[in-house]
Amino acid sequence: MSNDGSKKQFWKRNTSKVPGSIQHVYGAQHPPFDPLLHTNLMKSVSKPQPVAVQPPGKPKKATTFQEFESTTSDAWDMGDDDDELLASAARNLNIEVVMETANKVIENHSRRQEERRQREEEEEEEEVEEEGVAKEEDTEEREGAEQAARVEDGEEQEAEEATPELPSNPELRPYHDSRMVKSLSESEAQFRSPKEDDGERAALQRHQSLPHRPIIPLVARMADQNTSGALVMTEREASRLDKFRQVLAGPNTDLDELRKLSWSGIPRQVRPITWKLLSGYLPANVERRENTLQRKREEYFGFIEQYYDSRNDEHHQDTYRQIHIDIPRTNPLIPLFQQASVQEIFERILFIWAIRHPASGYVQGINDLVTPFFVVYVFEYIEEEVENFDVSSLQEEALRNIEADSFWCMSKLLDGIQDNYTFAQPGIQRKVRALEELVSRIDESVHRHMQQYEVEYLQFAFRWMNNLLMRELPLRCTIRLWDTYQAEPEGFSHFHLYVCAAFLIRWRKEILEEKDFQGLMILLQNLPTMHWGNEEVSVLLAEAYRLKFAFADAPNHYKR
């Protein structure tokens, strides 16, 4: 081998430029420095720094690996450049410039707030003046009409005695003049001070501006947004519920008939038992169900006793750590999933599943797949809304049953799509390629538009396949979607492809309106579905079924 001298010779460079240096890329999370704010910084950086005196001749070059490493910045440096830039800014930034700029920002904000407040006060004063003028004119007209009526009837004295009683009983007022028909609150409003009137008006405006359920945003509500919210079911809903109960009441449930009924949605009252049957968790025979439930629940908690204490072992701690990080991110807008006891349930479910499936282990995205089962099986024990429900109010046995049932049904689902989560996730990659081929057949304009702006299907559809569209739809829509997936043969693995294709084409107009890569990606990753309910999901499923009928059994039409 070569000696030390040859090693130094190896690291000599013939040019002063060092490869591998990367430039800072500024974006929304890393904005560029403001030149006005950092004038002194820019000047100090631009000034030549004092260096050690070197003999005349060529500049000193890196002659050892340590010198080469110290002058080279690479993608593997894990943000060293950012740290150096921030440290440099901290050293050279002029504090006076910072304080002056901060004071200007505060003064501008205060001035704008004061201007806005003055405009609001002026508008309120104008409204009060207009209302006062209108009230005076109305009062004069009403008095004139009353006087005319009394003169015509010749009963002026009797009318004067009866007049004080009119405000206390609005129903007794005359109806021949619409201006005289006023409510008690309108009559009292004439004697209120402007301040009281303004205070009540402001309170009313605040009340009207508040949502009915301020804690739960629209995207996180479980109730269907297309329904009126009435407690009484429609005749059609009652009829469907009766059909489900008739099918479920038999000694041996007809699963084919149950799937036919479930394809169009399952009533909330029978959804828990229907999901358990269609997923294969429960047998069709009624007499065997109780024993099966008891055995499977005991088996799950046996896994807890056997494996859960190993979550902090060296070869399992990475898995548990990732699960522990992902759980709080699961449906963060729904308070139910932010409860500590619910998060502990999810951690146990996901960890035990990962231990029992070493081929894939835990993969980010699987945590989302627990939530629909958990919500549906909570409905088995409550009648109220689930978003704010405190699960600690349930009996311990009910909570254990919900946890075990959610685990087994999630396991049944993942058994059919496990290649989505094995190494390199080959199942997802195949489905994304199939989606691209399908879209190119059913809507070539959308496909060419994506190609024109270099949008790869994998960039947006990977999440659609990995999370089964759960990040694109409200949870209430996911539950309705899964009603059909449970009823459809290979619903989660095969039919989901056609749902994704129909979902993409649903936004055809919006996609074609975007004329650059950034606009397309922002649209496809933030599709406006927060208002969706059962009606929109039903239309989506009908279109997906049409695509499946046209392409699934026609490979010559599907492939080029």
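The values are calculated or read from the model by the stated rules, or taken from the named source; none is laboratory data. What you see is a predicted model; the values in this text were computed from it and never measured. All Cβ positions, glycine included, derive from the backbone under ideal geometry; neighbour counts span all protein chains shown. Areas reflect the complete protein model, heavy atoms only, side chains present, ligands, DNA and RNA absent. Shrake-Rupley method; radii C 1.70, N 1.55, O 1.52, S 1.80 Å.
Residue 344 is checked against (1) assigned to a loop (DSSP other than H, G, I, E, B); (2) open to solvent by 60 Å² or more (accessible area, probe 1.4 Å); (3) under 19 Å from residue 386 (Cα atoms) and fails just one. What number does that condition carry?
(1)
Is there any pair linking a residue in the stretch 111-132 that is surrounded by 10 or more Cβ atoms within 10 Å (Cβ to Cβ) to one that is part of a helix (DSSP H, G or I), with Cβ under 7 Å and at least six apart or on different chains, and which?
Correct list of pairs: 124/198; 128/194; 128/197; 128/198.
Mind listing just one residue for me: the one in the stretch 312-338 that is assigned to a helix (DSSP H, G or I) and of a type in the set (S, T, N, Q) and, of those, nearest to residue 354 (Cα to Cα)?
319
Looking at 512, 497, 504, which is the one that is within 19 Å of residue 448 (Cβ to Cβ), touching a helix residue (DSSP H, G or I) at 6+ places or on another chain (Cβ under 9 Å) and buried (at least 18 other Cβ atoms within 10 Å of the Cβ)?
Just one listed residue meets the conditions, 504.
Could you list all residues from the stretch 422-437 that are open to solvent by less than 30 Å² (accessible area, probe 1.4 Å) and either in a loop (DSSP other than H, G, I, E, B) or among the β-branched types (Val, Ile, Thr) (or both)?
428, 432
Restricting the search to the stretch 364-385, which residues are farther than 18 Å from residue 272 by Cα and crowded, with 17+ Cβ neighbours inside 10 Å?
Hits for the stretch 364-385 are 365, 366, 367, 368.
Residues of the stretch 350-360 being more than 26 Å from the chain's Cα centre (by Cα) and either surrounded by fewer than 20 Cβ atoms within 10 Å (Cβ to Cβ) or under 20 Å from residue 475 (Cα atoms) (or both), which ones?
Within the stretch 350-360, 355, 356, 357, 358, 359, 360 meet the criteria.
Return a yes/no flag: does the stretch 472-487 have any residue that is open to solvent by 50 Å² or more (accessible area, probe 1.4 Å) and touching a residue at least 60 places away in the same chain (Cβ under 8 Å).
No; the residues of the stretch 472-487 include none that is open to solvent by 50 Å² or more (accessible area, probe 1.4 Å) and touching a residue at least 60 places away in the same chain (Cβ under 8 Å).
Filter the stretch 438-469 for residues that are open to solvent by less than 80 Å² (accessible area, probe 1.4 Å), of a type outside the set (A, V, I, L, M) and within 24 Å of residue 420 (Cα to Cα) and give the result.
Once the filter is applied, which keeps residues that are open to solvent by less than 80 Å² (accessible area, probe 1.4 Å), of a type outside the set (A, V, I, L, M) and within 24 Å of residue 420 (Cα to Cα), the stretch 438-469 yields 440, 457, 460, 462, 463, 464, 466, 467.
If residue 409 satisfies all but one of (1) open to solvent by 10 Å² or more (accessible area, probe 1.4 Å); (2) assigned to a helix (DSSP H, G or I), what's the number of the condition it fails?
(1)
Taking the criterion of being farther than 25 Å from residue 272 by Cα and in contact with a helix residue (DSSP H, G or I) (Cβ under 9 Å, 6 or more places away or on another chain), would at least one residue in the stretch 336-347 satisfy it?
no
Inspect all residues belonging to the stretch 277-296 and state whether any of them is of a type in the set (Gly, Ala, Ser) and part of a helix (DSSP H, G or I).
no
Give the stretch 386-406 a look and list any residue that's among the charged types (D, E, K, R) and either open to solvent by less than 10 Å² (accessible area, probe 1.4 Å) or more than 20 Å from residue 476 (Cα to Cα) (or both), or say none.
Passing the criteria: 387, 396, 397, 400, 403, 405.
Report, by residue number, each residue of the stretch 307-340 that is within 20 Å of residue 472 (Cα to Cα) and open to solvent by 90 Å² or more (accessible area, probe 1.4 Å).
Across the stretch 307-340, the qualifying residues are 329, 333.
What are the pairs, 6+ residues apart or on separate chains, where a residue within the stretch 294-317 that is farther than 30 Å from residue 283 by Cα has its Cβ under 8 Å from a residue that is hydroxyl-bearing (Ser, Thr, Tyr)?
Taking only residues 6 or more apart or on different chains, the pairs are 311/319; 311/320; 312/320; 316/310.
Tell me, which helices (runs of 4 or more DSSP H) lie completely within the stretch 479-526 with 2 or more residues that are over 12 Å from residue 469 (Cβ atoms) and more than 23 Å from the chain's Cα centre (by Cα)?
Counting at least 2 such residues, we get 508-513.
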